[in-house]
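Down below is the structure, laid out as structure tokens.
The values are calculated or read from the model by the stated rules, or taken from the named source; none is laboratory data. Quick caveat: nothing in here was measured; it's all calculated off a predicted structure. Note that each Cβ is placed from the backbone with ideal geometry, even for glycine, and that neighbours are counted across all protein chains shown.
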Amino acid sequence: MSIYFTVVIEKDTESKWLVGEVVELPGCYAQTPDLPALEKNIREAIRVYLKTAKPEQPLPDFIGT
């Protein structure tokens, strides 16, 4: 079963690092200096988030921007 998430990526103005935030998972984000590392780290952040999330809490629905 595949689950798809929306990741918003921005560049930090001070550090110039990329910051990725998973819209559907509050507080789930990663930051790295390049896109390949960000993809790897955000996938790991999602795995950890889902593993530690309380099962009785439903995931929020992303409506749009």
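Scan the range 40-53 and tell me whether some residue there is in contact with a Ser or Thr (Cβ under 9 Å, 6 or more places away or on another chain), modelled with pLDDT of 95 or more and among the charged types (D, E, K, R). Yes, there is a match, as at least one residue in the range 40-53 is in contact with a Ser or Thr (Cβ under 9 Å, 6 or more places away or on another chain), modelled with pLDDT of 95 or more and among the charged types (D, E, K, R). Restricting the range 1-38 to residues that are surrounded by 11 or more Cβ atoms within 10 Å (Cβ to Cβ) and hydroxyl-bearing (Ser, Thr, Tyr) leaves a set whose member that is nearest to ASP61 (Cα to Cα) is THR6.
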